[in-house]
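Note sheet for the following structure.
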Amino acid sequence: MKFDDDLIINAKKEICETKDIINLNKLKIKYLGKKGYISSQFLLIKKLNKKEKISKSIIINYQKKIIKEIIQKRKKEIEFKINSKQYLSQEIDISLPGKSIKMGSEHPLSYIIKKIENFFIKIGFQIVIGLEIEDSFHNFDALNIPKNHPARTKKDTFWLDKNILLRTQTSNVQIRIMKEKKLPIRILTAGKVYRNDCDSNHTPMFHQIEGLYINNNVNFVDLKGILSLFLNFFFGKKCKIRFRPSYFPFTEPSLEIDVLNKNKKWIEVLGAGMVHPNVLKNVNINSSKYCGYAFGIGVERLTMLYYNISDIRLFYKNDLRFLKQFKLNNFI
Ligand code: PHE
């Protein structure tokens, strides 16, 4: 039996000349297959004696290993060529726009609440959070609202049971804070309030911002001063505002402020007044030593004036055509 030394050289030449995987597989079968060259060599050495068998099988195994390696290498080369051809022929259109992620934007009411809070923080007010589910003591009784007041009826207020309700005003926070905090008190709280009302100027849920300042030397002029300062900051100096005497059971004297809108109509935006001595008494504050003012701002009203929005219900419709218009106001 003769062992062909040129085998590897010839196999290598043949393998390297193949241009595709199909022909490469044919060569793989030719050399390494069950009936291929290497297998037939193993069959031939069966007849040899033990010593020769060992030495020749070493040679055949070596040839097998080398041919296997040459085939694997060639396979990789062919595959690489095929892939690079594919990549090059594929036209990648770099002008194709990517998939954009649509950014949401801050709701106009959130933006306005932040804007107002920032103003009052700067002049020393502390931001606090109140309860939306409240009892009648904090929402009505302690605020000096008489038992037979129409605001207490089922027609106006959402009662959860005989004593518990969805707060109708953020003034409930006045009571809780005066009970809890040490004097002097200077707080601001923003939040949702609920009243059974719905038309282009009312929604059953809306927002108020309540301010409260209690100290030993607070007066009505301070209140008027701070509110004019705030409205000048908010609307600019050209905006026309008017103070109107008013009545709230929990403040005395009381006032309301109206703002002149684009159609020359006065729109009420906030109520305020000096905290009523009965209210101070209800929370154990000595009204001969301390006094203070409180105010309640209608957030939707101010926002409607600010952006010239005619229907309050638009704030809660989640209509993207409406919401998109406030994109630029994301950050203060
Ligand atoms: N709570 C009043 C309202 O809802 C507003 C207000 C607050 C008035 C504080 C006076 C003082 O109309």
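Go through region 198-226 and count every residue that is under 30 Å from the mean Cα position of the chain (by Cα) and assigned to a loop (DSSP other than H, G, I, E, B).
Step one: of region 198-226, the residues under 30 Å from the mean Cα position of the chain (by Cα) are 198-211.
Keeping just the survivors that are assigned to a loop (DSSP other than H, G, I, E, B) gives 198, 200-201, 203-204.
Summing the residues that are under 30 Å from the mean Cα position of the chain (by Cα) and assigned to a loop (DSSP other than H, G, I, E, B) in region 198-226 gives 5.
Conditions (1) open to solvent by less than 50 Å² (accessible area, probe 1.4 Å); (2) β-branched (Val, Ile, Thr), marked per residue:
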| site | (1), (2) |
| --- | --- |
| 243 | no, no |
| 252 | no, no |
| 256 | yes, no |
| 260 | yes, no |
| 264 | no, no |
| 269 | yes, yes |
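Looking only at region 171-180, decide whether some residue is of a type outside the set (Phe, Trp, Tyr) and either not assigned by TED's automatic domain parsing to the domain that holds residue 299 or not in a helix (DSSP H, G or I) (or both).
Let us first name the residues in region 171-180 that are of a type outside the set (Phe, Trp, Tyr), namely 171-180.
Checking the rest, the ones that are also either not assigned by TED's automatic domain parsing to the domain that holds residue 299 or not in a helix (DSSP H, G or I) (or both) come to 171.
For region 171-180, residues of a type outside the set (Phe, Trp, Tyr) and either not assigned by TED's automatic domain parsing to the domain that holds residue 299 or not in a helix (DSSP H, G or I) (or both): present.
Could you give every pair whose Cβ atoms fall below 6 Å, whose first residue belongs to region 250-263 and is more than 15 Å from residue 213 (Cα to Cα), and whose second residue is open to solvent by 50 Å² or more (accessible area, probe 1.4 Å) and acidic (Asp, Glu), counting only separations of at least 6 or pairs across chains?
256/268; 258/268
Hey, does region 299-307 have a residue that's assigned by TED's automatic domain parsing to the domain that holds residue 181, at pLDDT 95 or above and among the acidic types (Asp, Glu)?
Yes, because at least one residue in region 299-307 is assigned by TED's automatic domain parsing to the domain that holds residue 181, at pLDDT 95 or above and among the acidic types (Asp, Glu).
Filter region 275-295 for residues that are open to solvent by less than 20 Å² (accessible area, probe 1.4 Å) and in contact with a Leu (Cβ under 9 Å, 6 or more places away or on another chain) and give the result.
Of everything in region 275-295, those that are open to solvent by less than 20 Å² (accessible area, probe 1.4 Å) and in contact with a Leu (Cβ under 9 Å, 6 or more places away or on another chain) turn out to be 275, 279, 285, 292, 293, 294, 295.
Of all residues in region 136-168, which are over 20 Å from residue 276 (Cβ atoms) and crowded, with 18+ Cβ neighbours inside 10 Å?
First, the residues of region 136-168 that are over 20 Å from residue 276 (Cβ atoms): 153-166.
Listed by number, the residues that qualify are 157, 165, 166.
So, residue 71, is that one within 16 Å of the ligand (Cβ to nearest atom) and either under 30 Å from residue 25 (Cβ atoms) or part of a helix (DSSP H, G or I) (or both) or not?
Numbers: within 16 Å of the ligand (Cβ to nearest atom): no; either under 30 Å from residue 25 (Cβ atoms) or part of a helix (DSSP H, G or I) (or both): yes.
The answer is no for residue 71.
Filter region 82-111 down to the residues that are among the hydroxyl-bearing types (Ser, Thr, Tyr), surrounded by 10 or more Cβ atoms within 10 Å (Cβ to Cβ) and modelled with pLDDT under 85, then identify the one that is nearest to the chain's Cα centre (by Cα). Outline the logic, then answer.
Initial filter on region 82-111 (among the hydroxyl-bearing types (Ser, Thr, Tyr)): 84, 87, 89, 95, 100, 105, 110-111.
Next cut, surrounded by 10 or more Cβ atoms within 10 Å (Cβ to Cβ) only: 84, 105, 110-111.
From what's left, modelled with pLDDT under 85: 84, 105.
Numbers: 84: 44, 105: 9 Å.
Applying the filter and picking the extreme gives 105.
If residue 198 passes every condition in (1) in contact with a strand residue (DSSP E or B) (Cβ under 9 Å, 6 or more places away or on another chain); (2) more than 13 Å from the ligand (Cβ to nearest atom); (3) not acidic (Asp, Glu) but one, which one does it miss?
(1)
Every residue in region 264-278 that is more than 10 Å from the ligand (Cβ to nearest atom) and within 24 Å of residue 215 (Cβ to Cβ), please.
Quick first cut of region 264-278, residues more than 10 Å from the ligand (Cβ to nearest atom) only: 264-267, 269, 277-278.
Within region 264-278, 277, 278 meet the criteria.
The values are calculated or read from the model by the stated rules, or taken from the named source; none is laboratory data. Source: prediction; values computed, not measured. Every residue, glycine as well, gets a Cβ built from its backbone with ideal geometry; the counts of neighbours run over all protein chains shown. Just the protein is used for accessible areas: all its heavy atoms, side chains included, with ligands, DNA and RNA removed. Shrake-Rupley method; radii C 1.70, N 1.55, O 1.52, S 1.80 Å.
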